[in-house]
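The values are calculated or read from the model by the stated rules, or taken from the named source; none is laboratory data. What you are looking at is a predicted structure, and each value in this text was computed from that prediction instead of being measured. Quick reminder, even Gly has a Cβ in these numbers, built from the backbone with ideal geometry, and neighbours come from all protein chains shown.
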Amino acid sequence: MTYETKPGVRMPKPEDSRPKRFYTDVSVAEGEGGWQVRLDGRSVKTPAKNLLQVPTRALAELLAAEWDAQGERIDAPLMPANRLCFVAIDLMGEAHGATVAEVTRYAANDQLCFRAPEPSDLVAAQATAWDPMLDWARRELGVDLRSGTGILPIEQDAAALQAVHARAAALDVWRLTALAHATAVCGSAVLGLALLEGERSGEAVFALSIIDEAYQIAQWGHDKEAAQRLDLLKAELIAAERLLRALDAS
């Protein structure tokens, strides 16, 4: 059944709940404690009403580009770098210890360590993709994680988990936010650390994190909703990579 409205009456759409764009010009400027995004010359505030101020000009420009790309209405999901910075500024100071512990818990149950017993082509795909990453973590980070088949818990060496904990604990709020987000998206602290260290790109860690999904897609074809979900996860990891590289820029 089709319902019609009276002439001149428009039914509300989901995007109508998004705030209207309230600015024209987007710029960056250096403040006393870092770089700021300016909208029509005014500083931006976070959801907790803190000043949106970041350590490098490159990161401020990344944030400004997301503001500048908005249309008639502001679409927060299309501003992943800004969302990460909001978390870093508003939440990470108090949540630093809990976030380090969460990254360590992911390492204790890292996706890369849980292998399928069959079929043989999936077993081979996991080994080809994930073994080099575990080797890298062992060689470069001192994180020696064990792998096994099935879904039963794997008891990881305490020294390996301590190495992850120490590396995460040493990070500032910006890098820890990016690491925690990438780790959660990937289901893997090893992949999160690979992104943090610049060992793999956002696209690469995304591909490594969906070996099982890619196998299922190859067997059964694409599902539209699943494909949209994967696209969003890929965008989140690319944004985390851009944030990290912008932090590294002088």
In the range 47-57, is there at least one residue being under 25 Å from Asp172 (Cβ atoms) and assigned to a helix (DSSP H, G or I)?
yes
Regarding the range 213-224, can at least one residue be identified that is touching a residue at least 12 places away in the same chain (Cβ under 8 Å) and either of a type in the set (Phe, Trp, Tyr) or closer than 18 Å to Val103 by Cα (or both)?
yes
Please enumerate the residues belonging to the range 24-60 that are modelled with pLDDT under 95 and surrounded by 11 or more Cβ atoms within 10 Å (Cβ to Cβ).
Gly31
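The rows are residues; the columns are (1) within 30 Å of Ala249 (Cβ to Cβ); (2) of a type in the set (S, T, N, Q); (3) out of contact with any strand residue (DSSP E or B) (no Cβ under 7 Å at 6 or more places or on another chain).
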| residue | (1), (2), (3) |
| --- | --- |
| Ala127 | no, no, yes |
| Asp131 | no, no, yes |
| Ala137 | yes, no, yes |
| Asp144 | no, no, yes |
| Thr149 | no, yes, no |
| Gln156 | no, yes, yes |
| Leu171 | yes, no, yes |
| Leu176 | yes, no, yes |
| Leu179 | yes, no, yes |
Cβ-Cβ below 7 Å, separation at least six or inter-chain, first residue in the range 235-246 and among the β-branched types (Val, Ile, Thr), second buried (at least 20 other Cβ atoms within 10 Å of the Cβ): which pairs?
Ile238/Gly202
Out of curiosity, is Gly187 on the phi > 0 side of the Ramachandran plot and touching a helix residue (DSSP H, G or I) at 6+ places or on another chain (Cβ under 6 Å)?
yes
Gln70 fails exactly one of (1) assigned to a loop (DSSP other than H, G, I, E, B); (2) over 21 Å from Ala235 (Cβ atoms), namely (2)
